[in-house]
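The values are calculated or read from the model by the stated rules, or taken from the named source; none is laboratory data. Keep in mind it's a predicted model, so treat the numbers as computed, not measured. Cβ coordinates were reconstructed from backbone atoms using ideal geometry, including for glycine residues, and neighbour counts include every protein chain displayed. Each accessible area value is taken on the protein alone, full model and side chains, heavy atoms only, with ligands, DNA and RNA left out. Shrake-Rupley method; radii C 1.70, N 1.55, O 1.52, S 1.80 Å.
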Amino acid sequence: MSTDPASGPARTRCCRSCWYVAGPLLVLVVLWAYIRFTRDRPVAFANDEDHFKYGSTGGERDAGIPYWVWRALPELFPEFLPDGKKGYASLGFIFDPSRPTDKDLPVGVSKRNVQGVDRVFLNCAACHVGTVRDAPTSIPRIITGMPANTVDLQAFERFLFNCATSEKFTPERLSYEMKALGTTDDFINRALLRYVALSLAQQRLIFLRDRFKFMDREPDTGPGRVDTFNPPKVLLNFRMDLLPEREWVGNCDLPSIWNQGKRQGMWLHWDGNNNSVEERNRSAAYGTGAIPPTIDRPSVKRMERWIHDAKPPAYPYAIDKALAARGEPVYREYCASCHGRSGEDFSGEYVGQVTLIDKIGTDRHRLDSYTEELCANQNQLYAAYPDERFSHFRKTNGYANQPLDGIWLRAPYLHNGSVPNLRDLLEPTSKRPAVFYRGYDVYDARNVGFLTDVAEENGKKYFRFDTSLSGNGNQGHEGKAFGTELPADEKEALIEYLKTF
Amino acid sequence: MKISPRCWRCLIVIAVLIVMAGLFGWYKFFRVEPQPAFANEEERFKYGSIGAENTRGLPYWIWVVLPRIFPEYVPGPGGYKAFGLVWEEGKEIPAGFSKQTIGFPRIANNCAICHTGTWRASPSDKAHVVAAAPSHTTDVQGMIRFLAKCAADPRFNGETITAQIKREVDLSFIDSLLYRYVLVPFTKNALLDQQKQFAWMNRPHWPDWGRGRDDPMNLTKYFMTSMPTDNSTGQADFPSVWNLKIRKGPGLYLNWSCDTPAVRSVLIDSALGLGAAPDPNTPFDRLIWKFQRHDWFLKRMEDLDNFLSEHPAPKYPFPIDANLSAQGQPIYAQQCASCHEVGGKYTNKPVSLAEIGTDRERVDTWTQGAADEANRRVKEFNIDRPNMVKIECYQSPPLDGIWMRAPYLHNGSVPTLRDLLEPVASRPAVFYRGYDVYDPVNVGFVTSGAEASRIGWKHDTTIRGNGNQGHTYGSNLQSQEKNALLEYLKTL
């Protein structure tokens, strides 16, 4: 090989100086790219309750919607919302003016920067924070740990599915919309969204829409309810077309999640199919997008600590103490053995145990939607993490007796939310309302529950709950043992006493 | 020849690299981690290894995700449970499966896949699990076909399967490469090979095994002896394997047609057939077998023998009318005991086809040639056990726990004991098997109705090998005598 003796060293010198500049630059670029694309940083909250309401379960890592896309969707697709002008609030999502950061995100939506992109998704609070108004003109009290009585998750899912299958869901239009909103994403994120992420998100939503088609053959859940155990069948990719009809409708009320420490060891979920609080939590976390490899363990642990001791707020309206005192012995006689001695003392022979369906007599759809087949398959969830593997699920044949802490905030009643208030619950089925409205948060202190005769207020329509539909039956929990045959004055006293829980 | 120092250095580096690669390969593919201890022998029977993970073990995570990727090949909603497997609450895997890490987590079957069953008192009752009972709900053939269909599907590829696995496991970078480029393709090929070995059972219009049955002697013939495919089909019920001590003794035989003269031989041959045998085509595996697995395997078979010999038959769980059963006892003694009572003249012994008159297909699946070849192969594995034989007959088993052994006859062609006491013409020609709700009136499982037909497999007695003829003993009894006899049989 021959080289030019004159130009050789000169070229080497030139190359060398090039490398002196390019080398460190390259290192910096690689380092920057590494830091950026391995970034995984949730928004942090100093206060535990705020962490519960707004903190991340890790679900954004896999299921997160890019923040600016979340913002743009209601702008681009107002026609898919009950009230396009009101955005996500029209789905019942709660906007809390006291949220420390991201005030434009509702309660129950957390934010996390993953790979340099801010992403959002639901957390536990989406289903377990609700509101109460004293009167139509009052400011709503936001109460952490109560059922999300106003949130219509199913309508939210359908909103996303409709967006993704609309011809308007194109990178160009969404990018335009995000720009109009003043996106703070940098050039790289904007390019990634436009050329990669949006079509992936669309595919993912269409995939979910197809899997969740089973929803269309059951009555709408309406606000404050969810089908708990058909979605896991879908995530395990069960053949829903071969599902026996009795399993189709799993609609049930969202529960309160206070005092979980005292519930450890009780049979949890409406049908009492699991007795481990932590496992139940991991199971619920699937609903927030958190799967075994992506769940944020320290963050979820912090939420668990909060719900371990969280207490419901005291009943804020007047209580007739004398009347309540007369209700206490009635409660002791009729309710305590299944529902605990009080709102704080959960002791009782049958508390946390399952009452057989033949005895409780309530609508059996929710019970039947959980099956041995699902239970078997759940046993493999988290199997790569031996301490966390699901092993406490079981198939039962009834509904579990729950403690009644904060019962005033847990209306409507029964597992499927088919009885508007406590007064109705103490009546036999024939006297319970056959049709009422859900999702309205003005309180009905006389009957203990929310007002359920309001179909519409200021243009907002509430959900018409028809007890004749599949899974919505309001029968059961009735007869002498359940207090529906008590004399009127004793019912009055019992209701007054229950306000103290 | 003189090697330069530079060359030496090269050689050393290469040698070190080879050793490191070897260690890596050993760690990732062959490192054996013992299974966690089992609470008792029954648990070990249901979930413990019989050594099949080595050559027949599927990568656990691939196995886990297959029903989630290919639900269209599963017979109903419920993943593997839809194949009628016995899956106890809280257990990671169904009974009859064993999970062990050999390099990577693997899953294989053990005896309980065919020998653990369930019953329920009513549709809302929980399944009661009975170890060593026939797995009358399990569709083994369905599972084999499921795996083959998955393997043949273009979505059985490294990318799709590894992506699904990563939704369950936080795979390291190296492990995800290993799954994607080694384990998934390797498993696909192995399953496709296996599919070829099962071609005989997938011939057009060939009788299906259905739930709770297999074709045991053809399986033995085609796998243990690699004999050419013939025209025989011998679908047979999974038997109970409890209380084996009463099956032992000189002149006593096991298997439906007295194919084996000793309990230990049945255990060994069945376990070898399930995948415990060394791979004859892989010298490396034969080496591991010789130095590592052989002794372990024989000890395992001894333990199994001890456990199953003493494991009792389950007691009948419903009320028994003591008076009625007392009336049935002498009828049993007169009509049944000589063939079915322990120590009876014909119990555990051959009964000629002419005498018994049941469907003969099962007998015709086995030959002396197959027996000789099987014996020779087992000897090659350096295992000494009483030899298999060929007798033209059906074996007459004792009736311990007979209530849990429905449907009846070797091919499960008669749903209940009551039907068995009827003349052939009065036995059901078509029924559904594999539903585990019990029918105490007729003594057997429920075999008709909406749920039985949704869950169960349709047994058509007109199909070859499924005939319900023969064994008409007792069909002439008076109705009251039959009731008494049935009541007595519940006590066994």
Report task. Starting from the Cα of A:LYS103, draw a straight line to each of the aspartates and glutamates and keep only those under 12 Å, dropping any in the same chain fewer than 8 residues away. Result -> none
Requested in this report: For every other residue with a beta carbon closer than 11 angstrom to the beta carbon of A:GLY483, add +1 if it is Lys or Arg and -1 if Asp or Glu, then tell me the sum.
Outcome: -3
Report task. Beyond 27 Å between alpha-carbons counts as too far, so tell me which of B:LYS248/B:LYS390; B:LYS245/B:LYS490; B:LYS166/B:LYS299; B:LYS99/B:LYS245; A:LYS233/B:LYS149; B:LYS149/B:LYS379 fall in that bin. Result -> B:LYS166/B:LYS299; B:LYS99/B:LYS245; B:LYS149/B:LYS379
Requested in this report: Using only alpha carbon pairs under 8 Å that are at least six residues apart, calculate the relative contact order of chain B and give it in whole percent.
Outcome: 16
Requested in this report: Grab the beta carbon distance between A:SER276 and B:HIS205, set R0 = 41 Å, and tell me the FRET efficiency rounded to 0.05.
Outcome: 0.20
Requested in this report: Can you tell me the 0 to 90 degree angle between the C-alpha axis of helix A:67-76 and the longest principal axis of chain A, rounded to 10?
Outcome: 70
Query raised in the report: So what is the diffusion coefficient of region A:110-249 in µm² per second by Stokes-Einstein at 4 °C and 1.567 mPa s, using a Kirkwood Rh over Cα pairs?
Result: 73
Report task. Return the distance in nm (one decimal) between the two label points of a simple spin-label model at B:MET227 and A:VAL30, each offset 7 Å from Cα along Cα→Cβ. Result -> 6.5
Report task. Would you mind giving the three semi-axes, in whole Å and largest first, of the ellipsoid equivalent to region B:357-399 according to its Cα gyration tensor? Result -> 25, 13, 7
Report task. Could you order peptides A:326-334, B:199-207, A:49-57 by the average number of other Cβ atoms within 10 Å of their residues, highest first? Result -> A:49-57, A:326-334, B:199-207
Query - Carbon/sulfur fraction of accessible area - the protein assembly as shown, other protein chains in place, 1.4 Å, % - result: 58
Report summary line: Once A:ARG13, B:ARG180 are ranked on solvent-accessible area with the largest value leading and a 1.4 Å probe, the list reads A:ARG13, B:ARG180
Query raised in the report: Between B:SER479 and B:ALA37, what is the label-to-label distance in nm when each label sits 7 Å out along the Cα-to-Cβ direction?
Result: 5.9
Query raised in the report: When the Kirkwood radius is taken over all Cα pairs of region B:65-196, what Stokes-Einstein diffusion coefficient follows at 37 °C and 0.692 mPa s, in µm²/s?
Result: 203
Report summary line: Here, A:PHE207 and A:THR165, labelled 7 Å along Cα→Cβ, have an inter-label distance in nm of 1.7
Report summary line: Across the alpha-carbon set of the protein assembly as shown, Rg over Rh with Rh taken as the Kirkwood radius works out to 1.04
Report summary line: Taking B:63-75, A:202-214 and ranking on average Cβ neighbours within 10 Å, highest first, one gets B:63-75, A:202-214
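Normalised radius of gyration for chain A, please: alpha carbon Rg relative to 2.2 N^0.38 Å, two decimal places.
Taking N as the residue count of chain A, the ratio is 1.13.
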Query - Residue-averaged beta-carbon neighbours from other chains (10 angstrom radius) around B:83-90 - result: 4
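Among A:34-46, A:420-432, how do they line up by average Cβ neighbours within 10 Å per residue, starting with the highest?
Per-residue mean Cβ counts within 10 Å order the peptides as A:420-432, A:34-46.
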Query - Using θ = phi - 60° and Karplus 6.51 cos²θ - 1.76 cosθ + 1.60, couplings along region B:114-130 (whole Hz; Gly, Pro as x) - result: 10, 10, 9, x, 9, 9, 9, 6, 7, x, 8, 6, 7, 5, 8, 8, 10
Query raised in the report: Against the longest principal axis of chain A, how steep is helix A:7-37, in degrees 0 to 90 to the nearest 10, with axes from Cα atoms?
Result: 0
**Report entry** Förster radius 51 Å - calculated FRET efficiency between B:VAL13 and A:GLN353 (Cβ-Cβ, nearest 0.05)
**Finding:** 0.15
Query raised in the report: For B:ARG376 and B:THR282, what does the FRET efficiency come to when R0 = 25 Å and r is the distance between their Cβ atoms, rounded to the nearest 0.05?
Result: 0.80
Query - Taking only Cα atoms of region A:298-455, radius of gyration then Dmax in Å - result: 18.6, 57
Requested in this report: Can you grab the distance from the C-alpha centre of region B:208-278 to the C-alpha centre of region B:438-492, Å, no decimals?
Outcome: 24
Report task. Round to the nearest 10 and give me the degree value, 0 to 90, for the angle of helix A:321-334's Cα axis relative to the longest principal axis of chain A. Result -> 90
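Considering every residue in B:69-82, what mean count of other chain Cβ atoms within 10 Å of its Cβ is obtained?
So the per-residue partner count for this stretch is 6.
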Query raised in the report: What is the extension gain from A:LYS301 to A:ARG133, computed as 0.36 nm multiplied by their sequence separation minus the C-alpha to C-alpha distance, in nm to one decimal?
Result: 57.3 nm
Report task. Please average, across the residues of A:367-377, the number of beta carbons from any other chain that are within 10 Å of each residue's own beta carbon, and give a whole number. Result -> 5
Report task. Using only Cα atoms, locate the centre of region A:375-404 and the centre of region B:77-128, then give the distance between them in Å, rounded to an integer. Result -> 16
